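Engineer: The structure's right below; bear with me while I get my questions together.
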Amino acid sequence: MRRLPIFFLLDVSESMAGDSLRQLQQGLERLVRSLRTDPHALETVYLSMIAFAGKAKTLTPLIEVASFYPPRLPVGSGTALGVALEHLMVEIDKNVIKTTPDRKGDWKPVVYLMTDGKPTDNIANALRRWQKYYKNQVSLIAIGVGQYAALDTLRQLTDQVLHLDAQTEEDFRKFIDWVSQSVVAQSRSVSASSNEGVNLAKLDDSIMSKIGDLSAAAKVDEDFVILTGRCQNTRLPYLIKYERMPFNFDGGNFSMRLDRYNMAGVMALESDYYELSDDSMATPTINTDALVGGAGCPHCGNPYAIAACGNCNQLMCIRGEGDARCPHCQFENHFGFSEGEGFDISRARG
């Protein structure tokens, strides 16, 4: 039986952390349960899971549906789409069986790419290679999640660009069901004929829309700030997310809009966060005066999670005033309370 390779290329950058990643994790489990009930999918579909942030990593190599179990999705820093594409192309070359004069190879691979942001790396070389060697040999469905996904970039990869606006868990379940139905439709199509065109289920226009031109492409996302720190005691990473809160200042003869960010949540991360984070990329900064609300460490309970090391400027948690060793660079800091003046801290790339 010829295989139908299905690759999931998933953005696990910091902006996906929290509800989005949790819903995606649950959705993948729902997807696999659904595929196992369809005889065509059981016979032909092989799944692979690739995660990317600042780096890319194969979480599960190509394996039959019956033996596939969704891996735990990690979190990393950055959205290196170019790196992800290069990794995907290597996986396709290595694992997809090509047709030769002596044998029939695998069916045309299908890739579901999901991302909620814009690339933080230069994708030009990967894009050229994709367009020259893979675009016509692989069916790529690119799904931009939320209002700030780089739909214009995705349109350069494929004509099949969809925008997902899932506001509730029920919306996300509808999306997963759509993916499941599309995979089943593709498996039945290749089983019944030699047609290798991509077959997708009917879109639910309450949560999804197809992007037909670049006028619907997203703008740069400046609506949130993500900070990442490291617990002084456990050395494990954590994430603090802020959402933009418009603030208008009226000075009589003039007015101006100042952007401030209100804290939305704090999340504990695991050590594999660093495996997918590219530390060689330039890190932007933000002044603490723009941030409203503090946070404690989700790992050890220290009351202050936004303390910047005087040596490496990375964030760490502290109990209060006094000496504390940086868990990033081991520099011995002495912390005291400021007089209310803000300071610049490193901001994650999202």
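Engineer: Can you spot a residue in segment 45-52 that is within 15 Å of LEU276 (Cα to Cα), assigned by TED's automatic domain parsing to the domain that holds THR120 and of a type outside the set (A, V, I, L, M)? First the steps, then the outcome.
Structural biologist: Step one: list which residues in segment 45-52 are within 15 Å of LEU276 (Cα to Cα), which gives 49-52.
Keeping just the survivors that are assigned by TED's automatic domain parsing to the domain that holds THR120 gives 49-52.
Then drop every residue that is not of a type outside the set (A, V, I, L, M), which leaves 52.
Checked segment 45-52: at least one residue is within 15 Å of LEU276 (Cα to Cα), assigned by TED's automatic domain parsing to the domain that holds THR120 and of a type outside the set (A, V, I, L, M).
Engineer: While we're on this one: Output yes when any residue across segment 90-112 is of a type in the set (D, E, K, R), closer than 26 Å to ARG347 by Cα and not in a helix (DSSP H, G or I), and no when none is. Steps first, please.
Structural biologist: Applying the first criterion (of a type in the set (D, E, K, R)) to segment 90-112 yields 91, 93-94, 98, 102-104, 106, 108.
Filter again for closer than 26 Å to ARG347 by Cα, leaving none.
Looking for residues that are of a type in the set (D, E, K, R), closer than 26 Å to ARG347 by Cα and not in a helix (DSSP H, G or I), one finds none in segment 90-112, hence no.
Engineer: (1) within 21 Å of GLY105 (Cα to Cα); (2) part of a loop (DSSP other than H, G, I, E, B): which one isn't true of LEU47, the others all being true?
Structural biologist: (2)
Engineer: Additional query: In contact (Cβ under 8 Å) with a residue 40 or more places away in the chain and not acidic (Asp, Glu): which single residue out of TYR69, TYR46 fits that description? Let's see the steps before the verdict.
Structural biologist: Numbers: TYR69 fails: in contact (Cβ under 8 Å) with a residue 40 or more places away in the chain.
Result: TYR46 is the single residue among TYR69, TYR46 that is in contact (Cβ under 8 Å) with a residue 40 or more places away in the chain and not acidic (Asp, Glu).
Engineer: In addition: Output the qualifying pairs, or none if there are none: Cβ atoms under 9 angstrom, residues six or more apart or on different chains, first residue in segment 1-23 and touching a residue at least 12 places away in the same chain (Cβ under 8 Å), second residue of a type in the set (D, E, K, R) and assigned to a strand (DSSP E or B).
Structural biologist: Once the first residue is touching a residue at least 12 places away in the same chain (Cβ under 8 Å) and sits in segment 1-23, its partners that are of a type in the set (D, E, K, R) and assigned to a strand (DSSP E or B) give ARG3/GLU64; GLU14/LYS241; SER15/LYS241; ALA17/LYS241; GLY18/LYS241.
Engineer: Also, I was wondering about something else. Inside segment 83-106, can you point out the residues that are at pLDDT 95 or above and not charged (D, E, K, R)?
Structural biologist: The answer is VAL83, ALA84, LEU85, HIS87, LEU88, MET89, VAL90, ILE92, ASN95, VAL96.
Engineer: When residues of segment 223-237 are filtered for being out of contact with any Phe, Trp or Tyr (no Cβ under 8 Å at 6 or more places or on another chain) and over 17 Å from ASN313 (Cβ atoms), how many remain? Break it down into steps so the answer makes sense when it comes.
Structural biologist: Taking segment 223-237 first, the residues out of contact with any Phe, Trp or Tyr (no Cβ under 8 Å at 6 or more places or on another chain) are 232-236.
Right, trim to over 17 Å from ASN313 (Cβ atoms) and you get 233-236.
Residues flagged as out of contact with any Phe, Trp or Tyr (no Cβ under 8 Å at 6 or more places or on another chain) and over 17 Å from ASN313 (Cβ atoms) within segment 223-237 amount to 4.
Engineer: Of the residues SER346, SER338, which is of a type in the set (S, T, N, Q) and closer than 16 Å to TYR242 by Cβ? Don't jump to the end; show me each part of the working.
Structural biologist: Numbers: SER338 fails: closer than 16 Å to TYR242 by Cβ.
From the options SER346, SER338, the qualifying one is SER346.
Engineer: Just give me the residues in segment 324-348 being charged (D, E, K, R) and assigned to a strand (DSSP E or B), in sequence order.
Structural biologist: Let us first name the residues in segment 324-348 that are charged (D, E, K, R), namely 325, 332, 339, 341, 344, 347.
Hits for segment 324-348 are ARG325, GLU332, ASP344.
Engineer: Out of all the residues in segment 30-54, which are closer than 22 Å to LEU10 by Cα and surrounded by fewer than 19 Cβ atoms within 10 Å (Cβ to Cβ)?
Structural biologist: ARG30, VAL32, ARG33, SER34, ARG36 - these are the residues of segment 30-54 that are closer than 22 Å to LEU10 by Cα and surrounded by fewer than 19 Cβ atoms within 10 Å (Cβ to Cβ).
Engineer: Oh, and also: For residues that are under 15 Å from LYS94 (Cα atoms) and under 20 Å from the mean Cα position of the chain (by Cα), tally how many sit in segment 31-69.
Structural biologist: Residues of segment 31-69 under 15 Å from LYS94 (Cα atoms): 46-50, 57-58, 60-63.
Retained after the next criterion (residues that are under 20 Å from the mean Cα position of the chain (by Cα)): 47-50, 57-58, 60-61.
Selection size over segment 31-69: 8.
Engineer: Can you give me the number of residues within segment 16-70 that are under 30 Å from PHE224 (Cα atoms), modelled with pLDDT of 95 or more and of a type in the set (Ser, Thr, Tyr)?
Structural biologist: 1
Engineer: Residue pairs, Cβ under 8 Å, 6 or more apart or interchain, first in segment 285-297 and without any contact (Cβ under 8 Å) to a residue 60 or more places away in the chain, second basic (Lys, Arg). List them.
Structural biologist: Going by the 8 Å Cβ cut-off, the qualifying pairs are VAL292/ARG260.
Engineer: Here's another thing I want to ask about it. Tally time: how many residues in segment 190-227 are modelled with pLDDT of 85 or more and more than 21 Å from the chain's Cα centre (by Cα)?
Structural biologist: Number satisfying all stated conditions: 1.
Engineer: Being closer than 23 Å to ARG3 by Cβ and at pLDDT below 95 narrows it down to one residue among THR158, THR168; which is it? Before the answer, list the steps.
Structural biologist: Working: THR168 fails: closer than 23 Å to ARG3 by Cβ.
Matching residue, one of THR158, THR168: THR158.
Engineer: Would you mind stating whether LYS108 is under 28 Å from HIS40 (Cβ atoms) and without any contact (Cβ under 8 Å) to a residue 40 or more places away in the chain?
Structural biologist: Details: under 28 Å from HIS40 (Cβ atoms): yes; without any contact (Cβ under 8 Å) to a residue 40 or more places away in the chain: no.
No.
Engineer: Also, quick follow-up: Which ones in segment 132-152 are among the hydroxyl-bearing types (Ser, Thr, Tyr) and surrounded by 22 or more Cβ atoms within 10 Å (Cβ to Cβ)? Before the answer, list the steps.
Structural biologist: To start, the set of residues in segment 132-152 that are among the hydroxyl-bearing types (Ser, Thr, Tyr) comprises 133-134, 139, 148.
Matches in segment 132-152: none.
Engineer: What's the number of the only condition in (1) in contact with a Leu (Cβ under 8 Å, 6 or more places away or on another chain); (2) more than 14 Å from VAL225 (Cβ to Cβ); (3) modelled with pLDDT under 90 that ILE345 fails to meet?
Structural biologist: Single failed check for ILE345: (2).
Engineer: Here is a follow-up. Kindly provide the set of residues from segment 87-103 that are surrounded by fewer than 11 Cβ atoms within 10 Å (Cβ to Cβ) and touching a Lys or Arg at 6+ places or on another chain (Cβ under 9 Å), ordered by number.
Structural biologist: Within segment 87-103, no residue meets the criteria.
The values are calculated or read from the model by the stated rules, or taken from the named source; none is laboratory data. Worth saying up front: this structure is predicted, and the values here are computed from it rather than measured. Neighbour counts run over all protein chains shown; Cβ positions are idealised from the backbone, glycine included.
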